[in-house]
1. Quick test for you: out of LEU14, LEU59, pick the one residue that is modelled with pLDDT of 95 or more, within 17 Å of TYR102 (Cα to Cα) and surrounded by 13 or more Cβ atoms within 10 Å (Cβ to Cβ).
2. Which one of VAL214, VAL269 is touching a helix residue (DSSP H, G or I) at 6+ places or on another chain (Cβ under 6 Å) and more than 30 Å from LEU158 (Cα to Cα)?
3. State whether one or more residues within segment 66-89 are of a type in the set (Asp, Glu), within 16 Å of ligand 2 (Cβ to nearest atom), at pLDDT 95 or above and more than 24 Å from ILE369 (Cα to Cα).
4. For segment 48-112, which fully contained helices (runs of 4 or more DSSP H) count at least 1 residues that are polar (S, T, N, Q) and under 23 Å from ALA352 (Cβ atoms)?
5. Provide a single number: the residues in segment 73-99 that are surrounded by fewer than 22 Cβ atoms within 10 Å (Cβ to Cβ), within 11 Å of ligand 1 (Cβ to nearest atom) and of a type outside the set (A, V, I, L, M, F, W, C).
6. The conditions are (1) surrounded by fewer than 19 Cβ atoms within 10 Å (Cβ to Cβ); (2) without any contact (Cβ under 8 Å) to a residue 24 or more places away in the chain, and LYS336 fails exactly one of them. Which is it?
7. Quick one: ALA132 ticks every box in (1) away from ligand 2 (no atom under 16 Å from the Cβ); (2) at pLDDT 95 or above; (3) in contact with a helix residue (DSSP H, G or I) (Cβ under 9 Å, 6 or more places away or on another chain); (4) part of a helix (DSSP H, G or I) bar one, so which box is it?
8. Checking the condition within 13 Å of ligand 2 (Cβ to nearest atom) and modelled with pLDDT of 95 or more, which residue from ARG109, ARG94 passes?
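The values are calculated or read from the model by the stated rules, or taken from the named source; none is laboratory data. What you see is a predicted model; the values in this text were computed from it and never measured. As a convention, Cβ positions derive from the backbone with ideal geometry for all residues, glycine included, and neighbour counts pool all protein chains shown.
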Amino acid sequence: MQTQFSKFQLADPLMAASEDVIRKCVHCGFCLATCPTYVLLGDELDSPRGRIYLIKDMLENERAPTADVVTHIDRCLSCLSCMTTCPSDVNYMRLIDHARNYVENNYRRPLSERCLRTFLSFILPYPRRFRAVLKLGSLFKFMAVLPLPQRLRAMLQLAPAHLPSPASMSSAAAGKQSRRGRVILFKGCVESVLAPQIRDASVRLLNRAGFDVVFSESEGCCGALVHHMGKHTQACAFAKRNVDAWLAECDSQAGLDAIVITASGCGSVIKDYEALLGNDPVYAPKWARLAPLVKDISEFLAQAGLPRATNILNQTVAYQAACSLKHGQKLDQEPKQLLREAGFQLREPDEAHLCCGSAGTYNILQPEIAASLRERKLQRLMATGADIIASGNIGCMTQLANDAGLAVVHVVELLDWAHGGVEPAQILKQKS
Ligand code: SF4
Ligand code: SF4
């Protein structure tokens, strides 16, 4: 795509990076068929190519975003399915992130929208606050059937009926035998509150694979939730805090072999901290030391290897490929291979490339589109005839759990079960 950015504009590294992305797009349109919003809405402006045009026009002419342009940008799930399809290597992720930040800085949203976004960015990245709000949400969950405003209803529907107890694993309990190495297990924010059993299962698996696990007490949210709302400064602050926390472990006497992530939505943003810190003279070199250590847990376990499964379970599993894992991190085979090696019979749904509609806060901010995508995804997953649904991301699990007739669990919960760990509570609940 031809561009006409001025030299002055291109002196801004963010603008120069976006210009580079835009120029790579050759208008071929291959990405349209794999874009969930284009598939649902059929509007070119809700496709990757259409959004690239809109963003180019907005950035190049330094236009104030219009409500219409903001609507099309907001409808993007950041699922990155378009990046998997694109033959020209267009880094759409960097472009949409820049556009979101531009909108955040140059567009005044309606008051209710501003309040909701501020509320989400004040609550979700902080486990204690999130837990307190969820407790309140579970008390009022029954109201989700009432004709409330859509976004409020979406939040009540997503709140669990019962909040699980916090994860029981501590660093002290996570193994100190150091046979093969030592890893940080990233605690995250949303996952640790909604599904603490994922952390416990991960620790047991990593210990079985021969690794000591440590938790970094001073790390925080990965920054994904605010990053996808265009809050660049806040996202950078989270990234810097984590880099400092992890470097302290890395430079400790015990050393560090990996930073393992169990929520692929966090992992895809952390692996791209370069986008947040790459122009920071202090943090860019710090991040460069850590970047090779960051691994999704499926990637880490597939590379490290697990002992032979001890508990062969005759279960069929429908694998829900999280977009952040499949498209964001290009890790599609690893979780499937681990499940097969552990003895599960794997079934893959049709349209595995399409998002389930979770996408961070998308299912709250765009509840209608998110609900259509959830319904479509569940139909495809149920059609596999599997006993269980497994995914590698808490976002997908929460999005699908409420309406699935099947147990929805994390891949590591199944692996842990097959390797002598506990049977996942969701599966036990389904049986009872
Ligand atoms: S990130 Fe997903 S929703 Fe957004 S344009 Fe690409 S394919 Fe479409
Ligand atoms: S597939 Fe890539 S090059 Fe083709 S229109 Fe989409 S973004 Fe542009």
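1. On the way: LEU14 fails: modelled with pLDDT of 95 or more.
When all the criteria are applied, what remains is LEU59.
2. From the options VAL214, VAL269, the qualifying one is VAL214.
3. Checked segment 66-89: at least one residue is of a type in the set (Asp, Glu), within 16 Å of ligand 2 (Cβ to nearest atom), at pLDDT 95 or above and more than 24 Å from ILE369 (Cα to Cα).
4. Result: 81-85.
5. The number of residues fulfilling the criteria is 4.
6. (1)
7. Result: ALA132 fails condition (2) only.
8. Just one listed residue meets the conditions, ARG94.
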